[in-house]
1. According to the square roots a ≥ b ≥ c of the eigenvalues of the Cα gyration tensor, what is the shape class of segment 114-180, taking rounded for a/c under 1.5, prolate for a/b larger than b/c otherwise, and oblate for the remainder?
2. Note the full-extension length gain between M122 and E50 as 0.36 nm times their separation in residues minus their Cα-Cα distance, in nm to one decimal.
3. Could you check the spin-label model distance between E149 and S178? Points 7 Å from the Cα along Cα→Cβ, value in nm.
4. Rank these by accessible area, largest first, 1.4 Å probe: R128, R89.
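The values are calculated or read from the model by the stated rules, or taken from the named source; none is laboratory data. Treat the numbers as computed from the prediction; the structure is a model and nothing was measured. Heads up, the Cβs are rebuilt from the backbone with ideal geometry, glycines too, and the neighbour counts pull from every protein chain shown. With ligands, DNA and RNA removed, areas are computed over all heavy atoms of the protein, side chains included. Shrake-Rupley method; radii C 1.70, N 1.55, O 1.52, S 1.80 Å.
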Amino acid sequence: MTLIAGIDESALSSDADNDSAGGVDELVEEHRAALLAYARRFLTDHHLAEDIVQETFIRAWRHADRLRHQEGSVRGWLLKVTRNLIVDRMRSAYARHETATAHSPDTTLPDHTDAVLTSLEMASLLRRLSREHQEVLALVHLYGRTMKEASHILDVPSGTVKSRHYYAMRGLREQYFSRS
């Protein structure tokens, strides 16, 4: 019995006799927050982002054999599936607000209040982090740099960048959920 990313492969089996719910629960617990944050980066609707993440885990459950025999990371595969689902949704007729009716109703402008409030809230949370943590988050998430590229830019070891990234994300999560 081999472990992939801390998950028992037998738990990911789609065999009905096997207790696959336990493996999927572990997968969800480990990757849900990261996938939801990733989906929310591209989608303005939190509920739609949750739907995309849920569909990602359904596909992971359906393709558990790929997770076991894949050379890359499980999170990488999950992020790729999430991205593909987002792209599919954005390209769909639903996203373009196409209808099958002969006449279209008056169009309304989308309300950007939620996006503005979210960005203000995120800026406030980021200001509470140390300068080092802010730099790493900006390089990785805002500028799309890899951990290795960020380590070269900041002139620190890549392990330090990974550690700062981990603690910065943990700090943001703790601040976000402690205010609720």
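1. Prolate is the answer for segment 114-180, as a/c is 1.5 or above and a/b outweighs b/c.
2. Difference between extended and current length: 24.0 nm.
3. Between E149 and S178, the label points sit 3.3 nm apart.
4. Per-residue accessible area, sorted high to low, gives R128, R89.
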